[in-house]
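Quick notes on the structure that follows.
The values are calculated or read from the model by the stated rules, or taken from the named source; none is laboratory data. Quantities reported herein were computed from a predicted structural model and do not represent experimental measurements. Because the Cβ atoms are built from the backbone with ideal geometry, glycine has one as well, and the counts that use them run over all protein chains shown.
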Amino acid sequence: MTYVVIESCIKCKYTDCVDVCPVDCFREGPNMLVIDPDECIDCTLCVAECPVEAIYAEDDVPDDQRHWTPKNAELAKLWPAIIEKKDAPPDADEWAKVKEKEHLLEK
């Protein structure tokens, strides 16, 4: 099993999760992070660190967000690894409250 980043991360891109990942499985896109399923060791450390609750165990991803499992795998192949915490975008707190934002995903 792997962990999956869902839509909630878009435009928030908090990187607290990156700091606790022991295997550097996070990949950074223009406005969100994803988890490389080939690197994730299912340690669960990142889940508690995400302030917008955007990280789920693969088996626990909400039904309406299940398409993010293959999307994480796809995007992880395109985006570079992120291994250090960075400042969140200045408007991240505002975007954290927005529910439907998949249309804003930048690849």
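Among the candidates Ile83, Ile35, single out the residue that is aliphatic (A, V, I, L, M), in contact with a strand residue (DSSP E or B) (Cβ under 7 Å, 6 or more places away or on another chain) and at pLDDT 95 or above.
Ile35
What pairs come out if I take residues in segment 1-20 that are in contact (Cβ under 8 Å) with a residue 24 or more places away in the chain and closer than 19 Å to Asp38 by Cβ and pair them with residues that are acidic (Asp, Glu) and crowded, with 22+ Cβ neighbours inside 10 Å whose C-beta lies under 8 Å away, six or more apart or interchain?
The qualifying pairs do not exist here.
Can Ile41 be described as crowded, with 23+ Cβ neighbours inside 10 Å and farther than 18 Å from Lys86 by Cβ?
No.
Of all residues in segment 26-52, which are in contact (Cβ under 8 Å) with a residue 40 or more places away in the chain, assigned to a loop (DSSP other than H, G, I, E, B), out of contact with any Phe, Trp or Tyr (no Cβ under 6 Å at 6 or more places or on another chain) and over 18 Å from Lys99 (Cα atoms)?
Selection gives Pro30, Asp36, Asp42, Thr44.
Kindly indicate whether any position in segment 93-100 is more than 16 Å from Asn31 (Cα to Cα) and of a type outside the set (Asp, Glu).
no
Of the numbered conditions (1) in contact with a helix residue (DSSP H, G or I) (Cβ under 6 Å, 6 or more places away or on another chain); (2) in a helix (DSSP H, G or I); (3) not acidic (Asp, Glu), Ser8 satisfies every one except a single condition; which is it?
Only one criterion in (1) in contact with a helix residue (DSSP H, G or I) (Cβ under 6 Å, 6 or more places away or on another chain); (2) in a helix (DSSP H, G or I); (3) not acidic (Asp, Glu) is unmet by Ser8, namely (1).
For segment 53-90, give me each residue that is outside any helix (DSSP H, G or I), free of Cβ contacts under 8 Å to residues at least 60 places away in the same chain and under 15 Å from Cys9 (Cβ atoms).
Correct list: Glu53, Ala54, Ile55, Tyr56, Val61, Pro62, His67, Trp79.
From the list Ile35, Ile10, which residue is surrounded by 19 or more Cβ atoms within 10 Å (Cβ to Cβ), farther than 17 Å from Ile83 by Cα and of a type outside the set (Ser, Thr, Tyr)?
Being surrounded by 19 or more Cβ atoms within 10 Å (Cβ to Cβ), farther than 17 Å from Ile83 by Cα and of a type outside the set (Ser, Thr, Tyr) holds for just one of Ile35, Ile10, which is Ile10.
In this structure, does Pro80 turn out to be surrounded by fewer than 17 Cβ atoms within 10 Å (Cβ to Cβ) and closer than 13 Å to Asp36 by Cβ?
Judged against the criteria, Pro80 is a match.
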